[in-house]
Amino acid sequence: MELANEKKAWDSVKGMIEEAVIENLERESVWSTVVRAYSDQFKKDFEGFLASRVVELVRGGVLLLLLPATREGVPSANYPTGFLFSYLGQTLMDLANEGVVEKAKIDGFNLPIYVPSVGEMRKMIEKNGCFTIEKMELTVPRGKTSIGCSEGNDRRSSDREPLDAEPRSTKVAIADLGCSVGPNTFFTVQNLIEAVQKKWPSETLLEFQVFFNDHLGNDFNTLFSSLPLERRYHAAAVPGSFHGRLFPRSSITVAHSSYALQWLSKKPQGVHNEGRIHYSGAGTDVVKAYSDQYEKDLSCFMSARAEEIVKGGVLVVVMPGTPDGISHSDHPAGVLFNYFGYSLMELANEGVVDKDKIDKFNLPIYTPTMGEMKRVIENNGCFSIEKMELSKMDGPIDVAKLIMHMRAGMEGVFSAHFGDSVVDKMFAKMSDKAQDMSHFFESGYSKSTQLLVVLKRK
Ligand SMILES: C[S@@+](CC[C@H](N)C(=O)[O-])C[C@H]1O[C@@H](n2cnc3c(N)ncnc32)[C@H](O)[C@@H]1O
């Protein structure tokens, strides 16, 4: 009887052990399928990464990679990233048990991060065949002692020379200076690429690198998330002011700037401009201060471009310009800035803003004459003038739309000085005056105020 009981108990223990083993085996097999799927995806991604770098890196160039990795045979759960992700998983499972999140949602989520082993990395680099491994080692982050597997000074040269088979290509670097957030810059770049392609013999393989430049505060995220999908160029952002150097020496083939070079680097110095925000309608001392600042800024711009643009390269500038002999108040920009001034002065009379604040504000925008542009370009001496002309803008003008457009581009400058609430009121007043303004605009736009300058680097 005792024996029979013992056997029964033993059978049930055996059953439990078998169940546990099977469960464990099943878990192991799911686990290894998951690991393999991750590893396969990593291989695909890393292969693509290496193949792209092979095309881009010069012969003898260096590729330095720093990433989390594991030692062969050590389970990834023993590494910090493994710990972390296990804990994150457990935390989510706790939330599932508390009914906060569905378990199916957790099952359907896989963090797209893979920590390869040194051996996996080595195999893939060797398979690519275009790199020698100069150093490959596992170290502990932040300079702690190594956890082994140092494979330094590992020089394995490949006997394949795949770059020899590469087609000869010409790299064309295009820069759009003051690109803003698009889409205008994309049309411009497309036109420039088409123009360059027409010029080059058709058998040359052209590769385009486009640098989109604007101030650091520009919304580059918006710009890059709307890049055309069908583009034929590699895109890069270059933040910073175009009044200084942006690129290495002799690295740019075509530089372009549209409706940006009218912005001064700062407001003109030592100006007392009572009741106005611009030189339009102001005295000659104010106009001179603006023109002096413009000359300084344009000289800096030209010096920087002279360093960066290759010999024979082209600089194209499109911007508002002022025809000789017209008064600044008759220029469309002048009309607009006078109205900004009137709107602010009305707000001063209503007690919304201090008049003193208006007197101290000077919009840092200047529209030069062709003579002023020519003088700076000739003083710089590094460019020949291929074309310089003033043309009429396409009409008719929708003033209400123009005010909205101006708001998008200028609101920041006004807000920084007057504050958001004053600026809201100022633009409301501007909208009320749209009808009134349109008559002055008609006459302003009948004049040639769009300046086109095409320069060639000597
Ligand atoms: C009116 S938008 C023109 C945008 C675009 N080029 C176009 O034609 O539609 C002027 C742009 O020039 C940029 N800009 C002004 N001064 C600049 C500077 N010193 N350096 C770089 N960008 C500048 C402004 O931030 C703004 O995005």
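Tabulated data
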| quantity | calculated |
| --- | --- |
| Out of V399, V376, sole residue that is within 21 Å of Q435 (Cβ to Cβ) and either of a type in the set (A, V, I, L, M) or modelled with pLDDT under 95 (or both) | V399 |
| Every residue from the range 96-117 that is under 34 Å from the mean Cα position of the chain (by Cα) and either in a loop (DSSP other than H, G, I, E, B) or of a type in the set (A, V, I, L, M) (or both) | G108, F109, N110, L111, P112, I113, Y114, V115, P116 |
| Where S329 falls short, out of the listed (1) touching a helix residue (DSSP H, G or I) at 6+ places or on another chain (Cβ under 7 Å); (2) outside any helix (DSSP H, G or I); (3) farther than 21 Å from R375 by Cα | (2) |
| Answer from S291, S280, S251, S257 - the residue that is in the same structural domain as V314 (by TED's automatic domain parsing), away from the ligand (no atom under 15 Å from the Cβ), more than 30 Å from D356 (Cα to Cα) and surrounded by 15 or more Cβ atoms within 10 Å (Cβ to Cβ) | S251 |
| Boolean, E307 is over 26 Å from the mean Cα position of the chain (by Cα) and more than 30 Å from D394 (Cα to Cα) | no |
| Among the residues listed as K401, K433, the single one being surrounded by fewer than 11 Cβ atoms within 10 Å (Cβ to Cβ) and either under 28 Å from L451 (Cβ atoms) or among the hydroxyl-bearing types (S, T, Y) (or both) | K401 |
| Residues of the range 172-190 satisfying the condition of being part of a strand (DSSP E or B) and more than 10 Å from the ligand (Cβ to nearest atom) | V172, A173, I174, A175 |
| Subset of the range 313-329 (residues that are modelled with pLDDT under 95 and surrounded by fewer than 19 Cβ atoms within 10 Å (Cβ to Cβ)) | P323, D324, G325, I326, S327, S329 |
| Which listed residue is crowded, with 18+ Cβ neighbours inside 10 Å and under 29 Å from the mean Cα position of the chain (by Cα), from V453, V413 | V453 |
| Every residue from the range 245-266 that is in contact with a Phe, Trp or Tyr (Cβ under 8 Å, 6 or more places away or on another chain) and among the charged types (D, E, K, R) | none |
| Subset tally (residues that are touching a residue at least 12 places away in the same chain (Cβ under 8 Å) and hydroxyl-bearing (S, T, Y)) for the range 383-420 | 2 |
| The range 207-224: number of residues that are modelled with pLDDT of 95 or more and closer than 18 Å to Q190 by Cβ | 8 |
| Residue within the range 200-219 that is more than 30 Å from D354 (Cβ to Cβ), within 16 Å of the ligand (Cβ to nearest atom), in the same structural domain as P364 (by TED's automatic domain parsing) and assigned to a loop (DSSP other than H, G, I, E, B) present | no |
| Condition check for L223: within 18 Å of the chain's Cα centre (by Cα) and more than 16 Å from the ligand (Cβ to nearest atom) | no |
| Positions within the range 430-453 being touching a Phe, Trp or Tyr at 6+ places or on another chain (Cβ under 8 Å) and of a type in the set (K, R), in sequence order | K433 |
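Yes or no, residue by residue, for (1) without any contact (Cβ under 8 Å) to a residue 12 or more places away in the chain; (2) away from the ligand (no atom under 16 Å from the Cβ):
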{"site": "G270", "(1), (2)": "no, yes"}
{"site": "G312", "(1), (2)": "no, yes"}
{"site": "G321", "(1), (2)": "no, no"}
{"site": "L344", "(1), (2)": "no, yes"}
{"site": "G351", "(1), (2)": "yes, yes"}
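The values are calculated or read from the model by the stated rules, or taken from the named source; none is laboratory data. All of these numbers come straight from a predicted model, not from anything done at the bench. Backbone-built Cβ (ideal geometry, glycine too); neighbour counts: all protein chains shown.
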